[in-house]
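Scroll down for the structure; my scribbles are underneath it.
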Amino acid sequence: MTGRFLLLLVLCVALAVLRAVIIAVVALALLALIVSFITRPRQTLVFLGTLALSVLTVAQPLACIIGVVVVASAILAARCRHRSKPNLQIGN
């Protein structure tokens, strides 16, 4: 009986240590993400977008396809609008 209680106590301590390590790793990852967002915001947003897209691909493939089509359409619309703006220069 004492042996099982001791084993249970050791397992609880091991799980508590594992939980503390996981929390520390998650906190460190969030801190690294904040620092990278401050130093390189564009690359961080691309990374987060790619991460979200890969998660969406695994979870909902149809929603991923729709999302890619919407984003591609928005990019194409923005480029077409940028090209069609007249270049208004005052002077000479």
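For a paramagnetic label modelled on Leu51 (point 7 Å from Cα along Cα→Cβ), amide N atoms under 12 Å away belong, within segment 1-42, to 26-37. In this simple spin-label model, placing a label point 7 Å from the Cα along the Cα-to-Cβ direction at both Val35 and Arg79 gives a separation of 3.6 nm.
Of the accessible area of segment 6-62, computed with a 1.4 Å probe over protein heavy atoms only, carbon and sulfur atoms account for 84 percent. The convex hull around the C-alpha trace of the chain, projected and averaged over every direction, spans 11.1 square nanometres. The translational diffusion coefficient of segment 23-64, from Stokes-Einstein at 10 °C and 1.306 mPa s with a Kirkwood hydrodynamic radius over alpha carbon pairs, comes to 139 µm²/s. Fully extending the segment from Ile22 to Ala59, taken as 0.36 nm per residue of separation minus the present Cα-Cα distance, adds 10.9 nm. From its DSSP helices (H runs of at least four residues, each -39,500 (n - 2.57)), the chain gives a residue-normalised ellipticity at 222 nm of -31500 deg cm²/dmol.
Remark: the chain carries 94 Å² of accessible area per residue (probe radius 1.4 Å; ligands, DNA and RNA excluded).
The values are calculated or read from the model by the stated rules, or taken from the named source; none is laboratory data. Small disclaimer: the values here were computed from a predicted structure and weren't measured. Glycine also receives a Cβ, built like all others from the backbone with ideal geometry; neighbour counts cover every protein chain displayed. Just so you know, the surface numbers come from the protein's heavy atoms only, side chains and all, with ligands and any DNA or RNA stripped out. Shrake-Rupley method; radii C 1.70, N 1.55, O 1.52, S 1.80 Å.
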